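Read-outs: derived from the displayed coordinates by stated rules, not from any lab. Keep in mind it's a predicted model, so treat the numbers as computed, not measured.
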Amino acid sequence: MTEPVSTTTSTDITLRLPDADATRALGTAIAGLLRAGDLVILTGDLGAGKTTLTQGIGAALNVRGQVASPTFIVAREHPPLPHADGTRGPGLVHVDAYRLGGLGELDALDLDSSLADSVTVVEWGRGLAEALAEDRLEIDLERPRGGAVDGDDPADDPEAGTRTATLRAVGPRWAGVDLRTLGA
Ligand SMILES: Nc1ncnc2c1ncn2[C@@H]1O[C@H](COP(=O)(O)OP(=O)(O)OP(=O)(O)O)[C@@H](O)[C@H]1O
Ligand SMILES: [Mg+2]
């Protein structure tokens, strides 16, 4: 599914994502590392695949509802559905930080789900969450540019092409978690 490009430290890894299915599959793999209370910060341009990755996380957590771009709302809540063995994992809170002044405002939203019982995924979160969250999984999604001639740049087509995801885990919560397993 994914092929490691480089590993700079034990908590930094860059993966190549040839298509949307690979991005969803990475989300599914990441969900295996996530637990209630975790914060994931997704950064990347329009169409980079932030929502696509979140769909993979939501599918693996088995949450209710369709994970879509949280446009026009600040946060969408997806409660957990029971797994086959009857247990439920954490729910998903999917946030569009574009509409949020800071992560502190999340508490003021009066969500039904407690963030402590949920996995919180923030799109466009860079710069908002750092000051407030000691522990976080940061994921940068990028569409490589260049190599095209005369307006034929595949990077201009938001539907097309390979992305890279660079993951960095920050804070004591992630100590000892080896992100390289995601590239295996
Ligand atoms: N490798 C890839 N990874 C993810 N999406 C891809 C890839 N290749 C093509 N796509 C397509 O690119 C689009 C990505 O859209 P998505 O909504 O996930 O991006 P986004 O980063 O959430 O955008 P926005 O900033 O608008 O919220 C989808 O149409 C998807 O099918
Ligand atoms: Mg999106």
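Couplings for the stretch 16-27, taken from phi via the Karplus curve 6.51 cos²θ - 1.76 cosθ + 1.60 with θ = phi - 60°, read 8, 10, x, 8, 4, 5, 5, 5, 4, 5, 5, x Hz in order; Gly and Pro are left as x. What is the distance in Å between the Cα centres of the stretch 155-184 and the stretch 18-37? Using only Cα atoms to place each centre, the spacing works out to 9 Å. Applying the Karplus relation 6.51 cos²θ - 1.76 cosθ + 1.60 with θ = phi - 60° to the stretch 38-53 yields 3J(HN,Hα) values of 6, 10, 10, 10, 9, 10, x, 5, 3, x, 5, x, 5, 5, 4, 5 Hz, where x marks Gly and Pro.
Distances between placed amide hydrogens fall under 5 Å for GLY91 paired with VAL119, all partners being 5 or more residues away or on another chain. Using the Karplus curve 6.51 cos²θ - 1.76 cosθ + 1.60 with θ = phi - 60°, what ³J(HN,Hα) values do you get for each residue of the stretch 104-112, in whole Hz, with x for Gly and Pro? Going residue by residue, I get x, 5, 4, 4, 6, 6, 6, 5, 5 Hz, with x marking Gly and Pro.
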